[in-house]
Amino acid sequence: MWRQSFVEIRGVDMRRIAISLPMKRLFGLTLASILLSGCASLHMRPDDSIGVMVAKGIARVPVGILTLGLSERWHGQERTMESWLVSREADLVLALGPPTAVSSDGSGGKLIVYMEQRVYVTPGYANTTTTGSATGYGFGNTTQVYGQAQSVTTYTPPQINQWQVFRQFRVDSRGIITAYSWRGL
């Protein structure tokens, strides 16, 4: 009797509890898999259905927050690379300049490679801490003050971060871009 009235007072439905624990686990596993799989799984493609696009858009919000916006930079780069598909090789070279390397793909087409060394420098800075003390004595019309101070400056030198950016385009025998790959933002 006590258990039944407890359930009625609290409004707890045992079937709901049994479902909510697996749902929480499912949500946690889904979120973990999205974070571990990276941003590629959330990239919206033209052949995605409206429901899939909405779901990907909703899922990208927490991922963007958790990655401090870096995931959106990935999606931006992916959109840029994808926009070159079915474009002409001449348009690519006109826009990006001469490639770093060009090689044959073995089937009448070629691979066009752009590589760039990027550098980001975090500026150095100096931090100065000054401590001091003073003692004063007064005798009649005479006042004497003794004191000392010490400053310590700590210098942190600039930090240099370097990385390689790689962009590759496959061009068919007609001069049309058919595939791409990239690494680095």
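The values are calculated or read from the model by the stated rules, or taken from the named source; none is laboratory data. Keep in mind the model is a prediction, meaning the values are calculated, not measured. Cβ sites come from the backbone with ideal geometry, for glycine too, and all protein chains shown count toward neighbours.
Residues in region 94-115: is at least one of a type in the set (D, E, K, R) and under 30 Å from residue 72 (Cα atoms)? Before you say what the answer is, go through the steps one by one.
Within region 94-115, the first condition is being of a type in the set (D, E, K, R), and the residues that meet it are 105, 110.
So of that shortlist, the ones also under 30 Å from residue 72 (Cα atoms) come out as none.
No; the residues of region 94-115 include none that is of a type in the set (D, E, K, R) and under 30 Å from residue 72 (Cα atoms).
Just checking, does region 165-174 include any residue being surrounded by 11 or more Cβ atoms within 10 Å (Cβ to Cβ), without any contact (Cβ under 8 Å) to a residue 24 or more places away in the chain and over 30 Å from residue 61 (Cβ atoms)? Working first, answer last.
Within region 165-174, the first condition is being surrounded by 11 or more Cβ atoms within 10 Å (Cβ to Cβ), and the residues that meet it are 165-172.
Within this subset, residues satisfying the condition of being without any contact (Cβ under 8 Å) to a residue 24 or more places away in the chain are none.
No; the residues of region 165-174 include none that is surrounded by 11 or more Cβ atoms within 10 Å (Cβ to Cβ), without any contact (Cβ under 8 Å) to a residue 24 or more places away in the chain and over 30 Å from residue 61 (Cβ atoms).
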Looking at 114, 137, 120, 125, which one is touching a helix residue (DSSP H, G or I) at 6+ places or on another chain (Cβ under 7 Å) and of a type outside the set (A, V, I, L, M, F, W, C)?
114
Being at pLDDT 75 or above, in a loop (DSSP other than H, G, I, E, B) and out of contact with any strand residue (DSSP E or B) (no Cβ under 6 Å at 6 or more places or on another chain) is the filter here; which residues of region 66-84 pass it?
83
Matching residues, region 95-136, being over 30 Å from residue 184 (Cβ atoms) and touching a residue at least 12 places away in the same chain (Cβ under 8 Å)
126, 127, 128, 129, 130, 131, 132, 133, 134, 135
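Can you find, within region 113-159, the residue that is surrounded by the most Cβ atoms within 10 Å (Cβ to Cβ) among those that are among the β-branched types (Val, Ile, Thr) and closer than 30 Å to residue 101 by Cα? Let's see the steps before the verdict.
Taking region 113-159 and keeping what is among the β-branched types (Val, Ile, Thr), we get 113, 119, 121-122, 128-131, 135, 142-143, 145, 152-154, 156.
Now restrict to residues that are closer than 30 Å to residue 101 by Cα: 113, 119, 121.
On the way: 113: 15, 119: 8, 121: 10.
My answer is 113.
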